[in-house]
Amino acid sequence: MQIASDQDRVPRAQRPRKEEGRETAREGESHQANRKNRTKKKKKKQKKKKMMTMMTMMITNKKKKTKRNRNKKKKKKKKK
């Protein structure tokens, strides 16, 4: 591989575009695809957030079990 000198270098804007390789999207198609992907990502993120909030709600709404001392003597009820 040969290293190009500063004189041989061409600014990026003036370089010819690569035509071979992947096909370029038709006018407006790439924009639509990007938009679609963006909305997909957004929806996925919202769904995940909703699930997380549901989980936290379930955890907070759970009835906490009270710890009881099993060794403690039970109080006898007074007979009236």
Subject >> Qualifying lysines (Cα of each under 20 Å from Cα of K67; at least 8 residues distant if same chain) >> reply: K75
Subject >> HN-Hα J in Hz across the stretch 31-36 - Karplus 6.51, -1.76, 1.60, θ = phi - 60°, x for Gly and Pro >> reply: 4, 4, 4, 4, 5, 4
**OP:** Note the full-extension length gain between A33 and K78 as 0.36 nm times their separation in residues minus their Cα-Cα distance, in nm to one decimal.
**Re:** 8.4 nm
Original post:
Extension gain M57-R9, at 0.36 nm per residue separation less the Cα-Cα distance, in nm?
Top reply: 11.2 nm
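Any read-out appearing in this document is the output of simple, stated calculations on the displayed coordinates, not a laboratory observation. This is a predicted model, so every value here is computed, not measured.
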